[in-house]
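I have placed the structure first, in the form of C-alpha cells, so that the comments after it can refer back to it.
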Amino acid sequence: MPQLTRASLRADGGAEYVNKLITLTLTGSVALCALIAALLPTLMGWLGSQWSVPGQLGLATGFAFWLLPQIIFFALYTVLGEVLNSRSRFGPYAWTPVLNNVVSIGGLIAFLWLMGADPNGQRTVANWPAGGTALLAGAATLGVALQAITLFAFLRGAGVTFRPDFNFRGTGLGVTARLGGWTFLGVLVSQIVALLINQAMNRAAGNEAGIAAWQLASLVTVLPHSIIVISLVTSRFTRMSVAAERGDTRPFKRDFVTLSRLTVVAITFCAVAIAVLAGPITRVLMSGARVESLYPVMIVVACHATGAVAFSLLFVFNRAFFAYSNTRSPFLIQLVIAIGSLATIATSFMLPSGTATAFITLGTNLLFWVQLVITFLVLRRRLGEIGGRSIAHALVQCMAGGLLALGAGIALLQAFGGITLGSFALSGVLPALVSAIAIVSLMGIVYAGALFALKNQEMRGAWACMRRRLGR
C-alpha cells in the first residue's frame, strides 16, 4: 500500500507501476505454483507419513492438486485489492469474497445432495464417492478464481487499464521486492509452523479432536476478525499510509489508536461470547453428530478464543509497520514467536493424542499475547509515543466488562442445562440457536452496560450516535 501510494503521485498516476506489479504478481505466483506442484507428492508423503489407511494419501494428494491454483488467484486478489484500496475503491475488495462464498457453498450443497452427508466422520476412503474431490475442491478453487478475476472489472473505474508489462526495471519494484521478500519469509515461517501443527494434530484418532477440529475452531474465531477488524483497517489504511509517506505523525497515530481501541471493544466481546457458546456453536456446525462427539471440538473452540483479541490487535499493529514500509520488524518478531510455537508442538508429542490439539491451540493462542507485547514495544521504539496508555485503558475496561459478561453467559447457559449430555443447548440445532441468541443477548447487555459505566469512550460514542438517530 505505501508503494502504491507513492506511485500514485507520479505523472502517470502510477499506471506503469501498477501494470508491472500485476504482471510480476502473475508471473511469480505461476512460477511458485509450478514449483510446489513438482514438490507436492513428496510433501504430501511427508505430511501423511502417519496415515495407515490405504488410499488416504492418494485422496489427500488429489485434493491438494485441485486446490493448488488458489496460490495464483489469492495473490492476484491481494494485489488487485490493494490497488483499488489505494485509490479509495474499497467495495470490490470487500464484497467479491461473497461471490467466492456463494460458489463454495453451492459446491458443498451439490456434494451433500449428490453424495450425502457424513456428520460423525465415519465415511472411509473406500467409501469416498467418485467425483467428490473434483466437486468439492474444484468448487473451492473456482470461487477463489472468480473472487480475483472479478476485480479486473473494477480497475478501469479506478483509472487503471491493465496491460502486461515485463520490463521490471526503473519503476521502484526493487523496493517492493525487498519489502515483499520479508513478507514472503514471514509466510514461509508460518507455513512451516502450520505443517508441523498438521503433523502433530494428525496423531488424533477418529473420535479425538484433530486437525479438522482445529480448522473448525479457526473458522469460528476468525469470522468476527474478518468482518469487523479487516473492514475497519481497510477503511483507514490508505489514509495511514498517506500520512506516513508525508511524515504527518499526528493523524497517523490518531487513526492507529482509534483502530486499536475499536478492535479491543469489538473482539473482546466476540471472544468471550465464543468461549461461553463453544457448545451450542459446535452443535450448530456439527448438526448431525452425536453429543459425545462434540466435546473434544468445543474444547478446541474455547481454547482458540483465548488469543482472539491479541490476534486482531497484532493485525492492526503490523499495519502500522507496513504503513512505514517496514516488513522486516514483523518478520523478526514472528521468527522469535515461531520458536515458542515449535516448543509447544514438540511438547504436545509427550501428551496423549486426544489432548494434543487442545494443548497446541491454547499454547499458540497464548503466544499471540507475547507477540503483541513485543510488537508494541518495537513499534513504540520506532515511532515514539503511540497511544499505549489509551489502548491499555480500553483493554482493561473491556476485560472487566468481558468478565461480567462471561459470568452472566455461563449462568444462563447453566439454566439451559449447561453442556451435559441431556442439556437443552446441545439437544439439536434449533435449541442450540435459541440458547445462543438468548445468551449472547444477555451478554451483550451486560458488556455494554459495564463499558458504559466504566466511561468507555467508544461505547459512549455509540450510545450518543444511537440517541441522535432515534431522536430524528
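Within region 222-238, does at least one residue satisfy the condition of being farther than 18 Å from ALA94 by Cα and of a type in the set (A, V, I, L, M, F, W, C)? Quick ask: steps written out before the conclusion?
Start the filter on region 222-238 by keeping residues that are farther than 18 Å from ALA94 by Cα, which leaves none.
No, that holds for no residue.
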Subject >> Members of region 70-82 that are open to solvent by less than 20 Å² (accessible area, probe 1.4 Å) and of a type in the set (A, V, I, L, M, F, W, C) >> reply: LEU76, LEU80
Subject >> Matching helices (runs of 4 or more DSSP H) fully within region 357-472 where at least 1 residues are among the β-branched types (Val, Ile, Thr) and open to solvent by 40 Å² or more (accessible area, probe 1.4 Å) >> reply: 388-415, 429-453
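Going through VAL276, VAL284, VAL187 one at a time, which residue ends up being surrounded by fewer than 19 Cβ atoms within 10 Å (Cβ to Cβ) and within 30 Å of ALA438 (Cβ to Cβ)?
On the way: VAL276 fails: surrounded by fewer than 19 Cβ atoms within 10 Å (Cβ to Cβ); VAL187 fails: within 30 Å of ALA438 (Cβ to Cβ).
Within the list VAL276, VAL284, VAL187, the selection yields VAL284.
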Original post:
Restricting to region 15-31, what's the tally of residues that are open to solvent by less than 20 Å² (accessible area, probe 1.4 Å) and small (Gly, Ala, Ser)?
Top reply: 1
**OP:** Any residue in region 36-48 that's within 17 Å of LEU188 (Cβ to Cβ): show its pairings with residues that are of a type in the set (A, V, I, L, M) and modelled with pLDDT of 85 or more at Cβ separation under 6 Å, as long as the two are six or more apart or on different chains.
**Re:** LEU40/ALA64
Subject >> Output for region 230-264, where each listed residue is of a type in the set (A, V, I, L, M, F, W, C), at pLDDT 90 or above and open to solvent by less than 20 Å² (accessible area, probe 1.4 Å) >> reply: PHE256, LEU259, VAL264
**OP:** Scan region 339-356 for residues that are surrounded by fewer than 19 Cβ atoms within 10 Å (Cβ to Cβ) and touching a residue at least 12 places away in the same chain (Cβ under 8 Å) and jot them down.
**Re:** GLY340, LEU342, THR347, PHE349, SER353, GLY354
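Restricting the search to region 83-95, which residues are touching a Leu at 6+ places or on another chain (Cβ under 8 Å) and crowded, with 21+ Cβ neighbours inside 10 Å? Talk me through it step by step, then tell me what you get.
Our first condition is that a residue be touching a Leu at 6+ places or on another chain (Cβ under 8 Å); within region 83-95, this holds for 83-84, 86, 90, 92-93.
Of everything in region 83-95, those that are touching a Leu at 6+ places or on another chain (Cβ under 8 Å) and crowded, with 21+ Cβ neighbours inside 10 Å turn out to be VAL83, LEU84, SER86, TYR93.
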Original post:
Looking at region 287-314, which of its residues are open to solvent by 40 Å² or more (accessible area, probe 1.4 Å) and in contact with a helix residue (DSSP H, G or I) (Cβ under 6 Å, 6 or more places away or on another chain)?
Top reply: SER287, ILE299, THR306, PHE311
Original post:
Quick one: what pairs do we get from region 214-240, first residue farther than 30 Å from ALA204 by Cβ, second open to solvent by less than 50 Å² (accessible area, probe 1.4 Å) and among the acidic types (Asp, Glu), C-beta under 6 Å, 6+ apart or different chains?
Top reply: ARG236/ASP255; MET240/ASP255
**OP:** Might you check whether a residue that is open to solvent by less than 20 Å² (accessible area, probe 1.4 Å), under 25 Å from LEU362 (Cα atoms) and hydrophobic (A, V, I, L, M, F, W, C) occurs anywhere in region 318-328?
**Re:** no
Subject >> Selected residue (criterion: least open to solvent (accessible area, probe 1.4 Å)) from residues of region 197-223 that are within 11 Å of the chain's Cα centre (by Cα) and farther than 15 Å from MET298 by Cβ >> reply: VAL222
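The values are calculated or read from the model by the stated rules, or taken from the named source; none is laboratory data. It should be emphasised that the depicted structure is a prediction, and the values quoted were computed from it without experimental measurement. Heads up, the Cβs are rebuilt from the backbone with ideal geometry, glycines too, and the neighbour counts pull from every protein chain shown. Protein only, heavy atoms only, side chains kept; ligands, DNA and RNA dropped before computing areas. Shrake-Rupley method; radii C 1.70, N 1.55, O 1.52, S 1.80 Å.
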